[in-house]
Each structure stands twice: as C-alpha cells, then as structure tokens.
Amino acid sequence: MNDRPTDPDRPSPEALLRAAAQEGKGRLKIFLGAAPGVGKTWEMLTEGRQRRESGVDVVVGVVETHGRRETEALVHGHEIIPRRTVDHAGHSLGEMDIDAILARHPQLALVDELAHTNAPGSRHPKRYQDVEELLDAGIDVYSTLNIQHVESLNDVVASFTRVRVRETVPDSILELAEIEVVDIPPDELIERLKDGKVYVPHEATRALGHFFSKTNLTALRELALRRAAQAVDAQMLEHVRANALAGNFAIGERIVVAISEQPHAAGLVRAGKRMADALRAPWTAVHIETQRDQTLTDTERHQLAETLALASRLGASTASIPAASVVEGLSGYARDARATQIVIGKSTRSWWFEARHGSVVDRLVRTVGQVAVHVLPSDNQTPSASGRKPERERRRSNWGAPQHYLWSLLMVVAMTVLGRALLEAINLGNIALLYLVPVMFAAASFSLRAGLFAGVASSLAYNFFFLPPTGTLTVSNPENVISILVLLGVAIVTSQFAARVRAQADLAGSSARQNAALAGFSRQLTTATTRDELMQAICSEVARLLNVRAVLLQPSPNGPQLSAAWPPEDRLDQIELAAAQWAIDNEQPAGRGSATLTASDWLFHPLGASLASGRGVLGVLGISRENAGNPLRSDEVPLLMSLIDQASIAFDRMALEEENLKTQAVGERDRLRSALLSSVSHDLRTPLTTILSAAKEMRRHPSEELVETIDAEAQRLNRFVANLLDMARVEAGALPMRPEATDLFDAVAGAVQDTRTALQDRRIDLEIAPDIPLVRLDPVLLHHCLINLLDNAGRYGDPGTPILVRCTRAYDALLLSVIDQGPGIPPGQEKRVFETFTRLEGSDRARHGTGLGLAIVKGFAEAMGLAVEASNKAGVAEDTRGACFTIRIPEALIIRHPDNEDMA
C-alpha cells in the first residue's frame, strides 16, 4: 500500500464521495444481539411503534414472532404488507413482498432477520439484498441480526460454539448502518430459555447443552459489543474526515508502528502486535520514504521488505508514505489515521549526528500533540565487521557517480570561460552570480553533495581567475574574502534547496508511477469476465510491471495445477510444485527469497489467504527471473504486496460470482424439476384417466366414440412425450437440419390438418396470399413450430373463438403470425412466455399445460435462423383482445427465383 496523508484542514475527498453516494438513500438501523432470544425483534417493534405514534409512516415488511404472544401483541396495530407465496419442492413458502413495499413506499419498513435466505425463485437470494433495494428507493429500514451471522466473525464464532452458521451478512452492511446493541446478561437469557420464551421445551433443553452455554453466551456478548464499537468508531472517523474536524477522537485505540531498514524494526512490529492484541485495536506498520531511501543497500532493502512482510503476516495493515522527512510523514499519517498511539524505535546515534540532524523521537513528540508515543530502544551491541559493511557501502553510494562531479566541474569551467569573455562588460559582483548556475544544475540533476562540490569549485575558480591577484588563491582585498564567503554560502543554501526539491520530485514521481501501475492493474482485472481471463491478466500484468516470469497455480486434490503463465510455461519442476503446495497449506510465501524451500527458483505467494470469506487460499502466484536470480528486488516488495492484495480481491470476487451462478443454476434446476413434476402429474394423469375409463366402458358397451376418445388421448400423450424429447434435443443442440424449399401455405395447411382433432371446436382462418414466395427451411421443424403455436392458441383462446393464421410481407422479411382471441399476455411478460415450463400467473397463459410448447417453438425457430416474438393483439385487427405469436423469416431464407433453386 502506498498512501499520502491528506491535508488536515481539508475534508477527505473519499469521505465526501462516500457521503454523496448515500444522498437520497434510506437509512438502515440494525438491532444487533449476541444470540436468539435477547429481544431484538421486541426492541425493533417497540421503536417502530414509537415512530408510528410520532407520525412516521411505518409498515411491517416481515416479522418472525416464533409464536411468542408478547411479540405478536406488538405487531398488532402496524400495517402489515402481505407476504408473497413461493412454491418450492411441493411446499408453499411465505417471503417478503419487496414489490408491494416499493409500491406502497412507506417512510420506514420493519424487516426481521436480515441474514435470512430467500426461497429459490425470489428476486434476490438473500434478504439483506432486498433491504439494499429498499434503501436505494429511499425507504428507511429497521432490521435485526445476531452476531454469529456477521461474515468476518463466522469462523471466530464457529471456533468456540462448534456451530457454523451458513447464513451470513457482509460486513459492509454493518458499516453503513446505525447499530443498536440489544443486550441482556447470559444468566437472564438462560432463564428465558428455560421458561420457553425462546424455543419450545424440547428444543430449549438441547440448546442449553450446546449453543446456549454460559461460556458461549459471554463470548458472543463480548463479540457483539466489540463489533458495534468498531462500527461506531469507523462511522465517527468517516464523519471526522468528511468535515475536516481536528483531533484524533480517541474513542477506540488505533496504533501506528514506524518501521525502517534497521534490524531492530522486527522487534517494533512484534511489540506493536502485542499492544494491538492487548487493546483489541487495529494497527498499521508504516514506512516513511525519504530521500535517504534512495541510498539504501540491497541488504537494507531486503531487511525492510522482510519487516513489512512480517507485519502483514501478523495481521497489520501496511503503508509506505513518501515525505520530505520522517517526522513530517509519520505525524501526517498519524493525524490522517486518527492514531492514538505510535510505536517507534530509538537508534543509538553519535552526538555529532544528533547535533547535525536532531532527534527524530524528540521532534515527533513535539509534533503529534496528544498522541501517545512509545519509544523502544534498539540493541546497543557493537556491530561486527559484516554489520559495518552496509554502512560503508551506503556512504560510498551517497557520494554518487564520478561522472556527476565531472559534469559539475565542466559547468564551472564553462561559467569561468563565459565570465572571462564578459569581464570587460560586467563587474566582478555579477560574474559571481554566474557560478550559481553550475551549483543549481548539479544539486537539481545529481545530488546535494554534487551541488556542494560545484559550490566549492565555483568559489575557488572565482578567486583564482577573477579576484586580484589573479592566478593565485591569495586574496589581497579583505572585501573579496567576504565576497567568496557569501558566494560559498549562497551556493550551499541553493544546493540544499535544489536537492530538496529534486528529492521531493523523485518521491512524487515514484509514488505516481506506483499508483499508475496499481490503477492499470486494477483496470485489467475488472475487464476479465472468466476465471481463465482473470488468471492470465494477473500473470501478464505482474510479469510486465516487475519484469519477471509469472505463473498462477490453483489448488486441487492432485496438488497445485498450473492454470496460467507469462510467458507460457508447460511445466514446473517438482521442487517448485512442493513450494507452491507449502504456500497453499500454510498461507505464507515459499521459495526463493522466502524462509522456506529456498532451493526453488520461484517465489510463491498465496492469493486470497487474508480474506474472511472462509474459502481459504484460492491460488498461488509464482515469480522468477530469467537468470535464476533473486525473483524480487527489495524495493519492489511493496508493489508486489499491493498487486497480490488486488489480485486476491479479484480472485475472491470471481469465486463469489461463480458460486452465485451455481446457486442460480441449482435454483433453476429445482424450479424446472418442480415444473416438470407438476406438468407430468397433470398432463399424464388426465389422458391416462380418460383412456382407462374409456377402456373400462368399452368392455361393457363397445362403441366407435370410445375408440376415438382413446385415440385422441393417446395422441395427446404422444405429443406430450414428443415435446419432452424435442426440448431435450433443443437444450442439447442436437437438432438435425434438412432445409429445403418450402411452401408456407402447404406447411400451414399440414399443421391445421394434424391439429383438427384437438381444435375441432375452433374455426381456423388463413390469410396467406397465393404469391407468397417459397422459403428455405426445414419442413419438419417448421411443422412442429406451427403445431405448437396452433395448440397454444386453442388452449388459451376463449372457447368457440376463431384462430387466425396470417402471412404478411415486411421490407426485409416474411411475417408468419398465429393470433388467438383471449385475454392476451400481461405487459412486460412477452419474452418470459418462451421460457421452459413457464405458465404466467394471472393471465390466459396460466392454464394447464406443460409450459414446453412455446419454448420448443423458440428453440426450433432459432435453430433455423428465424426469430419468434410474442405480443398482444392491439393494432392487428379491430378486436384488440388476444395474443399474437409471429415467426420472422429473414430475407436470406426467402427464395426469389424458384427455377434457380430447383437447379441447385
């Protein structure tokens, strides 16, 4: 993570945007309890009644009384929105009617049990999603929730109750809600349970021995209180940031640990972890990037990366803040994060170092105000020879490259030549100003030391070439001594300012490049629509940004499976697979550059391990260098960590989408199975009953009429079985296509002939012009389409009314329509009538039938390259009642020259 502290006098733009997003939406209040029976529903209804009595328009969306008389009495007097009945697996289930609430649009809706899972076929799978839709419509909502249903606490609750709750609510819902904790002591709740006020007696006895133990209830109570305090603290900070209020508002503790490249920084991290655990507070490990970071050795960069990784493994948030100085960056971040405590180390420095640079700890204490600063001393052991080596390397690197000094010297020479050329035109004082150019050039382009070198060289050149006696470094006039000293002083100050500006520009550029890289990476991930696209995008972007090879493996029963790579990799060696498996099992990095299985050429990082979704590790990302060197430079570690965090979020999002699709598929399968059973129970039983009755009657009184009855019902059964087989062929994509020149009049006449028995009480009118051209279609599939459309019109048209079959021309197609005279199709349901097993409620489409006919028509028509649509009869004839089903035959399938077709 790479952040920059915001201006304390300016509202946070992010907080203002989040506040603006809530404008016009309803407000959510959650009555949070530690366990069932604490009185959440009672409190919600009581407050709802008080709001109603004060003039607020309140309705009950759904309330579960569980047979409690006291709760039922509180419901009395409220307007109750009737529940919507959903048929599932042969049972009728009552669910909240969200459409009725939206149409009623009260000021406040009472919605019990926020974590409830809706019945299959509902608009949303979860009730909290229904609540979100009500909030988006501007309706306030009161709801109830038990602490074990909070997603992030699901594993924690299961660890001590031994009960895993499957119905959970995302933490983001709580972050937007006002929370009221409904709390009673565990002993009182246990007494309520024994008195039968929570569960019926036999269930209460079992609950007392398991979930409702005093130990569990006490732990759940603490979780509920702490989670509510966290939500309140987060909302308070959001308000403070949006309004730019001063102060840290220390309602809850927030800890910041300052880390550096020093070896003792790991001890600071562990101390911060212990403090955070003791205070149950969130904590962040922060590194302040200054100009000094550019001179760190590889060893020190690696140490810094290891410390950041340690903090992340221990549960801290990590941040890297560019700043001009440690004190400025750390105090700014602490102020922005409203930190209450800072943990910092005190390095042992010489008196000369502190005289020149001052004490970071002392300046920090004076700057942060009311924030508590914990100072931990570093080890005072004498460094070994190996320990002094990095310091010598850094001192050498601080001097910069030799060519920097060469260029600075050349600039001094150039100014000297220019000064000698202008000596007759300008005075000595103005010539001294020329020497500020190489000073500023060296300090801004190279380093502070190069600028100081240019300043000293400029002073010597000015003395040697311009001050009498020239050609020597002797100064004869005391005034010239002052000129030299002033020139040297100005040069030093100028180089200081120029070097500082350059350092700040470098830090800003580095931060901008990293932010741009993260933004581009995020854009690439959001464009991926499948898991394969996402994995390939992760590998290619990581490889591009870090200039490495990248692979992504997914866990499987047979070990890690290579799923994506850049550049493409066919296989990994056994040691690489072992390192990847270790990273999956332990949710920690493994391989080259880590502490485990370092013989591998690859470094593997787990994806998704830090998420509280309960899905564990979703994959591992591996990186390596072409030359088998260290896969990652130490200064690239923060960028990699940020990339891994974003990749983990994207991976988890894709996993959620796939689970949602599977859930929808299961729900659709259940719906189809229920519809099929319903259809089979009616459409098989009715004709079979008729056939059996007719056969029984024929044994006593044989007649031609009974034979025709048996034949008609057998044909009905045959059509039903044929429809089932046809639908299976459509869904399997196994339709045989034999297109040929087809006369539409003959095709319609054949379909009318085959349905004459079923439509014997109907007149069928044909409006097909004799000059309608031939079309290239499969006559068998077209015959099935027409039979089903005619059967549908006979089934749903009013008794005794005619059916019209019409063929008309459009500018680019032929339109073949079947029109009945019935109530028609409900508005907005014109596309849904073609879904499998669909019989629309409250319309003429709800009569008995399989719900397969129109789905078969659509499948067969699309297989032939046709389009089929449904509409009401308005505008078709004078009588506007009825449904119209139209098959659109495109120009490409119309035969304009029959002779050429015959030759073909």
### Query
From the square roots a ≥ b ≥ c of the eigenvalues of the alpha-carbon gyration tensor of the range 113-195, which class results: rounded (a/c under 1.5), prolate (a/b over b/c), or oblate?
prolate
### Query
Glu740 versus Ala372, label points 7 Å from Cα toward the beta carbon: distance in nm?
9.3
### Query
With contacts defined as alpha carbon pairs under 8 Å and 6 or more residues apart, what's the relative contact order of the range 255-329 in percent?
38
### Task
First compute the accessible area of the range 18-113 with a 1.4 Å probe, then give the percent of it belonging to carbon and sulfur atoms.
49
### Message
Could you put Asp130, Asp99 in order of accessible surface area, largest first, with the 1.4 Å probe and the full protein assembly present?
### Response
Asp99, Asp130
### Distance violations [Cα-Cα > 28 Å] among Lys29/Lys126; Lys29/Lys662; Lys25/Lys662
Lys29/Lys662; Lys25/Lys662
## Note on the structure
Whole-Å distance linking the alpha carbon centroid of the range 268-306 with that of the range 527-558 is 29
### Message
Suppose the chain between Glu191 and Gln760 were pulled fully straight at 0.36 nm per residue; how much longer would it get relative to their current alpha carbon spacing?
### Response
197.6 nm
### Query
Given R₀ = 41 Å, FRET efficiency for Arg832-Thr46 by Cβ-Cβ distance, to 0.05?
0.45
### Message
Suppose accessible area is computed on protein heavy atoms with a 1.4 Å probe; arrange Trp602, Trp42 from highest to lowest.
### Response
Trp42, Trp602
## Note on the structure
Relative contact order in percent for the range 44-196 (Cα pairs under 8 Å, 6+ apart) equals 18
### Message
Can you give me the distance in nm between label points at Glu869 and Asp585, each placed 7 Å from the Cα along the Cα-to-Cβ direction?
### Response
6.2
### Query
Accessible area per residue, 1.4 Å probe, Å², for the range 90-176: what's the number?
41
### Query
Given the Cα-Cα distance of Arg896 and His701 and 0.36 nm per residue of separation, how much length would full extension add, in nm?
64.4 nm
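The values are calculated or read from the model by the stated rules, or taken from the named source; none is laboratory data. Values in this document were obtained by computation on a predicted structure and should not be read as measured data. All Cβ positions, glycine included, derive from the backbone under ideal geometry; neighbour counts span all protein chains shown. Surface accessibility is based on the protein's heavy atoms, side chains included, excluding ligands, DNA and RNA. Shrake-Rupley method; radii C 1.70, N 1.55, O 1.52, S 1.80 Å.
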